[in-house]
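What follows is a short report on a single structure.
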C-alpha cells in the first residue's frame with residue numbers, strides 16, 4: 001500500500017468562507033507548510049488556463065484546519 005496525504009477543502013457559499021481541513025496521512029519528504037492562492041471564479045475571473053490571476057486571498061497552511069472568510 002502506498003503512502004499519501006489528503007487535504008480536503010469545503011466552500012460555504014452562504015457564509016462566503018473556505019475551510020481547509022486537517023491533513024490526513026503523511027509521507028517522507030512531504031511539505032509540512034503550504035501556501036494556497038485562492039481565486040474566486042466568476043464570469044470575468046479565474047477562467048481558462050491563465051495562471052497569473054491575482055488571488056482573492058492567500059492561505060498559509062501547516063496541516064491543521066483553517067477557515068478564511070471572503
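The values are calculated or read from the model by the stated rules, or taken from the named source; none is laboratory data. Just so you know, these numbers come straight off a predicted model, no measurement behind them. Neighbour counts run over all protein chains shown; Cβ positions are idealised from the backbone, glycine included.
Taking residue 68 as the residue in question, decide whether it is part of a strand (DSSP E or B) and touching a residue at least 12 places away in the same chain (Cβ under 8 Å). Spell out how you get there, then give the answer.
Numbers: part of a strand (DSSP E or B): yes; touching a residue at least 12 places away in the same chain (Cβ under 8 Å): yes.
Criteria met by residue 68.
For the range 30-43, name all the residues that are in a loop (DSSP other than H, G, I, E, B) and modelled with pLDDT of 95 or more.
If we filter the range 30-43 for residues that are in a loop (DSSP other than H, G, I, E, B), which is where we start, we get 30-33, 39-41, 43.
Those that are in a loop (DSSP other than H, G, I, E, B) and modelled with pLDDT of 95 or more: 30, 31, 32, 33.
I'd like to verify a number: residues in the range 7-28 that are part of a loop (DSSP other than H, G, I, E, B), over 12 Å from the mean Cα position of the chain (by Cα) and within 20 Å of residue 60 (Cβ to Cβ), how many? Show your work before the answer.
Start the filter on the range 7-28 by keeping residues that are part of a loop (DSSP other than H, G, I, E, B), which leaves 7-8, 13-16, 21-23, 26-28.
This time we only want the ones that are over 12 Å from the mean Cα position of the chain (by Cα), so: 13-16, 26-28.
This time we only want the ones that are within 20 Å of residue 60 (Cβ to Cβ), so: 16, 26.
The qualifying residues number 2.
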